[in-house]
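A quick write-up on the structure given underneath.
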Amino acid sequence: MIRLIQGADSHRYPREMDAMFRARAAVFAGRLGWDVTVVDGREIDSFDGLNPLYLIAIDEATNTIRGSLRLMPTTGPNMLKQCFAGFFDQPVDIESGTIWECTRFCLHPDAETQPSATGAMRTTWELMLGICEVGLRAGLSHIQGVYDQSMVRVYKKTRWTPAPVASTTRLGPLPVFVGLWEVDEETLLRMRRVSGISSSVIEPVASGRTLILEEPVNVTLTPGEHEVHRSPVLVGDRQPKTLSA
């Protein structure tokens, strides 16, 4: 099951947010050795303060949090633009109201110790299906992300592979790519068939709100300066698109 959490509402979900930030620290800093900031056992960066949309994978049987990621619009500050663009061998400039960025895709350590039926691959399927469902509800054309060569095999297994846009060998021992995943109903149905997950993975929102619109958010840059970008939000006046099984 995928729980959608708006960044602005994260204070309402202390358990989920704490588990996500601790897992990010354990995976990105601890296991992968990334140069990230960890404070009190949690990995939190500046983009977490820009009201992203978080997707949290939760085991319905045990209520254990198994994985997480975040989505942000490419029309405002994002990791490709601010952190990675200068490393790629080709110029990279991806900015569109119908393209969102996916970052901090993380399988939590607990998921990786479970049998494959309920562990890492199940969590991967749910997160990928969740991204695609959110994209369809939001009217997106693509998801943009940065990934290394080791993830290509995983994406092929899910049957949702990105189209590489640019590459670099300057970020680590493996080639790193920026890619675009096309969002369409055919992709969602294909992943459902291969995964055996036949219905929506997104948890119904108890308040009746549903995804998606975008709202302007003022981002403080320096004293007296603001940049306005658009952030995905949960709203109550629009029904998600109905998809055939």
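Could you please rank CYS83, CYS132, placing first whichever residue has the fewest other Cβ atoms within 10 Å of its Cβ? Kindly include the intermediate steps, with their values, before the conclusion.
Numbers: CYS83 15, CYS132 27.
Neighbour counts put them in this order, fewest first: CYS83, CYS132.
Efficiency by 1/(1 + (r/R0)^6): what FRET value for THR64 and GLN90, r their Cβ-Cβ distance, R0 = 30 Å, to the nearest 0.05?
Values: r = 41 Å, r/R0 = 1.37.
The calculated FRET efficiency here is 0.15.
Quick one: HIS108, HIS142, HIS11, fewest Cβ neighbours within 10 Å first, how do they rank? Mind dumping the intermediate values first?
On the way: HIS108 23, HIS142 20, HIS11 8.
Fewest-to-most Cβ neighbours within 10 Å comes out as HIS11, HIS142, HIS108.
Using Cα pairs closer than 8 Å and at least 6 residues apart in sequence, work out the relative contact order for the stretch 75-165, in percent. Walk me through the numbers before you get to the answer.
On the way: 56 pairs, mean separation 27.2, N = 91.
Computed over the stretch 75-165, the figure is 30 percent.
How would ARG70, ARG122, ARG3 line up from fewest to most surrounding beta-carbon atoms within 10 angstrom? Numbers along the way, then the final one.
Values: ARG70 24, ARG122 21, ARG3 17.
If I rank by nearby Cβ atoms, fewest first, I get ARG3, ARG122, ARG70.
Would you work out the relative contact order for the stretch 1-152, in percent, from Cα pairs under 8 angstrom that are 6 or more residues apart? Intermediate values should be presented prior to the final figure.
Values: 226 pairs, mean separation 35.6, N = 152.
23 percent.
If the chain between ARG12 and THR98 were fully stretched, how many nm would it gain, using 0.36 nm times the residue separation less the Cα-Cα distance? Present the calculation step by step, with values, prior to reporting the outcome.
Values: separation 86, 0.36 × 86 = 30.96 nm, distance 2.83 nm.
This chain segment gains 28.1 nm when fully extended.
Please list, ordered by chain and number, the residues whose modelled amide H lies under 5 Å from the amide H of GLU43; skip anything fewer than 5 residues away on the same chain.
Distant-sequence amide H within range of GLU43: ARG22, ARG24, ALA25.
Per residue of the stretch 20-26, what does 6.51 cos²θ - 1.76 cosθ + 1.60 with θ = phi - 60° give for ³J(HN,Hα)? Whole Hz please, x for Gly and Pro, Karplus curve as stated.
Running phi through 6.51 cos²θ - 1.76 cosθ + 1.60 with θ = phi - 60° gives 5, 5, 5, 5, 4, 5, 5 Hz.
Give me, ordered by chain and number, the residues 5 or more places off ARG66 or on other chains with an amide H under 5 Å from its own placed amide H.
ALA57, ILE58, ASP59
The numbers here are math on the coordinates, done by the rules we state, and not lab data. Keep in mind that what you see is a predicted model, and the values were worked out from it rather than measured. Cβ coordinates were reconstructed from backbone atoms using ideal geometry, including for glycine residues, and neighbour counts include every protein chain displayed.
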